[in-house]
Amino acid sequence: MRNKSLLTLVGVAILIVAAIATTSADVSHDPNSPITIDQDQYFDFSLVGNRAGEFAYYSLEYKGDASVVTIELDMAPGDPAAQRGVGFHVYCCNGYLIGTGRRSEDKVDRKVLEWADRNSTRWLIQVYNYLHGVPVGFRLTVSGLPVAPPPREEMQPSQAALFSVAADGLIGDRAGNFKYYKVESKGDGAEVALKLDYAPKDRWISNAFGVNVYAPVDGLLVAQAGDEASFKLDMAGTYLVQVYNYLHGVDIRYSLRLSEP
């Protein structure tokens, strides 16, 4: 009966490995050349176990910002008997063991590790299979890694367009990121109103996102607003409207409307 169960287990595993073979599989068996994980992602692969252990290696750079990284390993077969011989460890510098995947409360065929600390270091994930001669299919999923901000947009004042209504988005930068619009003036002293809508509207956003208006001569600041402002077109020429965002990596969607008050 025991041999029959083992044959059934092996047969199921072979079918799973065959299915996995049809997908892209990134795997390294060398701890000195692990697969680098630089974003939230998953990897499908398989390992045929042996008594000395068969291994796959992955690494990530942990920022040391106390953010929680979750590592999940789905296994097939992943029954309680098989789980004794398959799983993963996570190491950092000098071979220090951060932790070992533990059986998930949600899925019997999954092992999980959640970890956070203040040390900036490289993590090495070692997936193992000690089931001699048994192929096991794995899906390794890593989540919680920081998202790289999109590339900064570079817009010059010379690219400003005439407008009455505009709707757009602006990704922030610590040094400031900007979009420009222009208002043509005859210098007749007409008064105009500028209204900026965006969400969410809170103190954190309004301290770093808003609008400046500059006069045609000497770049004189004539209006500033996080919501709305009025100014007079006393000078002939082009008034420059600057939308600014200093919230690094934060994309603010906004609408801008120009009208007579």
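Things to note:
- Rounded if a/c under 1.5, otherwise prolate or oblate - region 34-187, Cα gyration tensor axes: prolate
- Cα gyration tensor, region 157-259 - rounded (a/c under 1.5), prolate or oblate: prolate
- Selected from P146, P80, P135 as most flexible by GNM, with the chain as the system and alpha-carbon contacts under 10 Å: P80
- Lysine-lysine proximity count for the chain, Cα under 23 Å, sequence distance 8 or more or distinct chains: 8
- In this structure, T121 and H29 have a Cβ-Cβ separation that, at R0 = 25 Å, corresponds to a calculated FRET efficiency of about 0.65.
- In nm, spacing of pseudo-spin labels at V108 and T238 (7 Å Cα→C-beta vector): 7.1
- Region 29-68 and region 72-148 have Cα centres spaced 9 Å apart.
- Net lengthening on full extension, A52/V147 (0.36 nm per residue, minus Cα-Cα): 30.4 nm
- The chain: calculated mean residue ellipticity at 222 nm from DSSP helix runs of at least 4, using -39500 (n - 2.57): -3000 deg cm²/dmol
- The chain, dipole about Cα centre (Lys/Arg Cβ +1, Asp/Glu Cβ -1), debye to the nearest 20: 1020
- Global geometry of region 56-99, whether rounded, prolate or oblate, following the gyration tensor of its Cα atoms and the 1.5 cut on a/c: prolate
- Between region 158-181 and region 194-261, the Cα center-to-center distance that results, in Å: 9
- Computed from Cα atoms, the angle from the helix 2-20 axis to the main principal axis of the chain rounds to 30 degrees.
- Residues K179, K195, K107, sorted so that the one with the fewest Cβ neighbours within 10 Å comes first: K107, K195, K179
- Calculated FRET value between V68 and R253, using beta carbons and R₀ = 45 Å, to 0.05: 0.95
- Counting every other Cβ atom within 10 Å of each residue's Cβ, L145, L162 order from fewest to most as L162, L145.
Each reported figure results from applying straightforward, stated rules to the coordinates on display, with no laboratory input. The structure presented is a predicted model; accordingly, all values stated were derived computationally and were not measured. When we count neighbours, we look across all protein chains shown, and the Cβ atoms used for this are built from the backbone with ideal geometry, even at glycine.
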